[in-house]
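Q: Would you mind keeping the following structure in view while I ask a few things?
Values in this text are rule-based calculations from the coordinates and carry no lab data. Computed from a predicted structure; not experimentally measured. Here the Cβ positions follow ideal geometry from the backbone for every residue, glycine too, while neighbour counts run over all protein chains shown.
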Amino acid sequence: MQAEFYLKAEDKEAGIFRYYNIILLPTLFKDLSLVITYGRTGHKERQRSIQFIDTQLLAKEFKLILSKALLQKVLSSFRVSKN
């Protein structure tokens, strides 16, 4: 099982150029790995990797990370200072 999600927040007028790439991968030992790459377009990206044995815990963590990313995207449109 492999899943990939790509989120992009781009608003040229507001100066917002962000992206999130979230990948769910199986490991060699039948665990699951959640790899999150994020950053600003044109800048060095950051990467975070989390390994899970329990799929229910993975689902909870995935929902939490995804909701934080979406919330940050929404809140960034209301900020006065950009990037």
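Q: Treat the stretch 7-46 as a sphere of radius equal to its Kirkwood radius over Cα pairs and apply Stokes-Einstein at 25 °C in a medium of 0.890 mPa s; give the translational diffusion coefficient in µm²/s, rounded to a whole number. Kindly include the intermediate steps, with their values, before the conclusion.
A: On the way: Rh = 11.7 Å.
Taking Rh from Cα pairs, D becomes 210 µm²/s.
Q: Please report the equivalent ellipsoid semi-axes of the chain, computed as sqrt(5 x eigenvalue) of the Cα gyration tensor, largest first, in whole Å. Don't skip to the answer; put the middle values down first.
A: Values: eigenvalues 161, 35, 15 Å².
They are 28, 13, 9 Å, listed largest first.
Q: Let me ask something else about it. Over the chain, calculate the relative contact order: mean separation of alpha carbon pairs under 8 Å at least 6 apart, over the residue count, as a percent. Walk me through the numbers before you get to the answer.
A: Details: 118 pairs, mean separation 19.1, N = 83.
Relative contact order comes out at 23 percent.
Q: What dipole magnitude, in Debye to the nearest 20, does the chain give about its Cα centre under +1 on Lys/Arg Cβ and -1 on Asp/Glu Cβ?
A: Values: 14 positive and 8 negative charges, 65 e Å.
Computed charge dipole of the chain: roughly 320 debye.
Q: Still on this structure, I have one more. When the helices in the chain are scored as -39500 (n - 2.57) per DSSP H run of 4 or longer and the sum is shared across all residues, what 222 nm value do you end up with, to the nearest 500 deg cm²/dmol?
A: Working: 1 runs with 22 residues, N = 83.
Per the formula, -9000 deg cm²/dmol.
Q: Which is farthest toward the positive dipole end of the chain among I16, S49, L70, measuring Cα position about the Cα centre, with Cβ charges +1 (Lys, Arg) and -1 (Asp, Glu)?
A: The Cα lying farthest towards the positive end belongs to I16.
Q: Just subtract the alpha-carbon distance of E4 and A59 from 0.36 nm times their residue separation and send over the number in nm, one decimal.
A: On the way: separation 55, 0.36 × 55 = 19.80 nm, distance 1.41 nm.
Between E4 and A59, full extension yields 18.4 nm more.
Q: Cα axis of helix 55-76 to longest principal axis of the chain: angle in degrees, 0 to 90, nearest 10?
A: Value to nearest ten degrees: 0.
Q: Holding the Cα-Cα limit at 20 Å, pick out from K8/K63; K30/K68; K8/K44 the pairs that are longer than that. Present the calculation step by step, with values, prior to reporting the outcome.
A: Values: K8/K63 17 Å; K30/K68 27 Å; K8/K44 16 Å.
Table pairs above 20 Å Cα-Cα are K30/K68.
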